[in-house]
Amino acid sequence: MYGKRRFGLLLLGLLIFGCSRLEILTFRQNERKQSKTFEEAKLHDFHFYTYTFDGRPIHYTHVGADSLPLVLFVHGSPGSSGMFMDYLKDPRLTAVAQMAAPDRPGFGYSGFGKAEPSLEKQAKALAEIIRRHPHRKAILVGHSFGGPVIVRMAAEFPELVDGLIIVAGSVSPELEPREWWRKPADFFLIRWLIPPALRVCNQEILPLYKELKKMLPLWERVRCPVTIFQGESDKLVPKENANFAQKMLQNSPDVRVKIIPQGNHFILWSKADIITEEILRQILAPEVVKMPPHRHS
């Protein structure tokens, strides 16, 4: 029995190692594939950029003219800019906005395989994209792990951010699941058998509880309108995260919570139309006077 179990574990390890070579488990799209998608959609105003922040390359896809409002999409874990291709080529959005979708640190082509566990560092790295493109307005859209990243961006740089759209965001520390297997999976001899994108995913989720706890006093700095989409049947991010965010956004002038009946964690794609409508609403809405920071007496 013991010999069979050991053989099974060895076989599993070999399978994981073999799978790590499969492109599908990189969760990324190269520039050639994205270019083909844009060209098939008759979209020609697109570019790929890479800059260096804190010694790390940050790669992103950009579409549209710099004179338009900016929509910045931030993916979950694992993921990459390719997760947002349907949005980036949507003619309803390209008509009124420039859009950017980065590969978050450690994913895609932003130092693939090297995790960045700090939400603060991720926020600062991605804020450079907003600075690189002149705009009248900047709306941030974050899915799953991208949710706390964009909240941190709005808290760190309120002068750069004009609106947030949080989609199934993992924002509450107390609701963050702490699975027993994550620490063993990061053990030195095991983590190198895991595909790089999944390894990075694990290495940034492991400290997420502590990172979200550190972010608690920063929520009051968010002073822009916020819309929260949450699937009622989300098994990965509990729907109570939406209530938590609403409670924490005391200085936001406009907080809207939209619970999607029977929606799961992947409403970013299954409910793309209503999310697109919200992006358009925020882009086209009159400028909102941001609330001043809350001051304690």
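Observations, loosely collected:
- I260 long-range amide H proximity, modeled H, under 5 Å: Q230, G231, E232
- Couplings 3J(HN,Hα) of region 86-99, computed from phi: 5, 6, 5, 10, 6, x, 5, 8, 5, 6, 10, 8, 8, 9 Hz, in residue order, whole Hz [Karplus 6.51 cos²θ - 1.76 cosθ + 1.60, θ = phi - 60°; x for Gly and Pro].
- Paramagnetic reach from L284 (point 7 Å along Cα→Cβ, amide N under 17 Å) across region 60-75: 68-71
- Proximal charge balance of L43 [Cβ under 13 Å; K/R count +1, D/E count -1]: -1
- Karplus 3J(HN,Hα) series, Hz, for region 70-80 with 6.51 cos²θ - 1.76 cosθ + 1.60 (x for Gly, Pro): 9, 10, 10, 9, 10, 7, x, 9, x, x, 5
- Computed from backbone phi, the HN-Hα couplings of region 265-272 come to 6, 9, 5, 4, 9, 5, 10, 4 Hz, rounded to whole numbers (Karplus: 6.51 cos²θ - 1.76 cosθ + 1.60, θ = phi - 60°; Gly and Pro given as x).
Taken together, the values in this text are just the output of simple stated rules run on the coordinates, not laboratory data. Being a predicted model, the structure only gives us computed values, none of them experimental. FYI the Cβ positions are ideal-geometry reconstructions off the backbone, even for glycines, and counts take in every protein chain you see.
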